[in-house]
1. Can you give the local net charge around Q39? Use residues other than it whose beta-carbon is closer than 14 angstrom to its beta-carbon, Lys and Arg +1, Asp and Glu -1.
2. Considering just Cα atoms, how many Å³ per residue does the convex hull of the chain enclose?
3. Helix-only mean residue ellipticity at 222 nm, the chain, DSSP H runs n ≥ 4 weighted -39,500 (n - 2.57), per residue, nearest 500. What is it?
4. Loop-only trypsin sites (Lys or Arg not before Pro) in the chain, please: DSSP not H, G, I, E or B, and at most 16 other Cβ atoms within 10 Å.
Amino acid sequence: MIGERIKYLRLRKGYSISRLAKEAGVSKTYLSNLDRGIQNNPSLQFLEKVAERLGITVDQLISDEFKQEDV
């Protein structure tokens, strides 16, 4: 679920996994695994870094009201 949201936002910005990982300062492998649903429990620190690069807050990213159209 969280991986799908990050993937949607990443693609919407035109970022590759490599670019987002580099700019957010996170592991490319972990981000890729999250993107593919292999991992599903990222740390708050990870979410903060990724959300910041994607231009949203962690609250928006994990909200029950998250809708792809709204972001």
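Here, each number is a calculation from the coordinates, and none is a lab measurement. Because the structure is predicted, anything quoted here is derived from the model rather than measured. Counting neighbours? That spans all protein chains shown, and the Cβs are built from the backbone with ideal geometry, glycine included.
1. Value of the local net charge: +2.
2. 75 Å³
3. Calculated at 222 nm, the ellipticity per residue is -17500 deg cm²/dmol.
4. Answer in residue order: R36, K67.
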